[in-house]
């Protein structure tokens, strides 16, 4: 039986929520890949459109969209998920998992792309008063600014013995 931890983040509010699914709801995710958009109601989440944005397995190995399938592979990375370079131009061989969700996937990250809001009744129109034309602005000539005088610097007083 597949069991996943779902992390759903809302970029509009900046908040994320965590939930777990197993059984038939979890089976709906198997075979999906990173970058796909799915319906949130299939996972028991409010009627929203969810984008699969990432994930990892039980050992913390991150998923990458550019590795095909659900396998683990060592690839040379210079940036992106699974590697943070410490120097400019650094590359390193790292272990990553493919972009397809399998039984071995532990956590799946989602981003809300479109929230469906129930239709609201039309609001009544409110009459507004016409706006008066703005008053013309008069241009007054200003006196030229005087240059500021420099303050004389004091020398420190001599200490007496």
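Nothing in this text is a laboratory measurement; each read-out follows from the coordinates by a stated rule. As the structure is a prediction and not an experimental result, all values here were calculated from the model. Positions of Cβ are generated from backbone atoms using ideal geometry, with glycine treated the same way; all protein chains shown enter the neighbour counts.
Key figures
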| quantity | calculated |
| --- | --- |
| Average projected area [Cα convex hull, the range 3-115], square nanometres | 7.4 nm² |
| Over the range 3-115, relative contact order from alpha-carbon pairs under 8 Å, at least 6 apart, % | 34 percent |
| Protection proxy ranking of 101-113, 82-94, 49-61 - average other beta-carbon atoms within 10 Å, highest first | 101-113, 49-61, 82-94 |
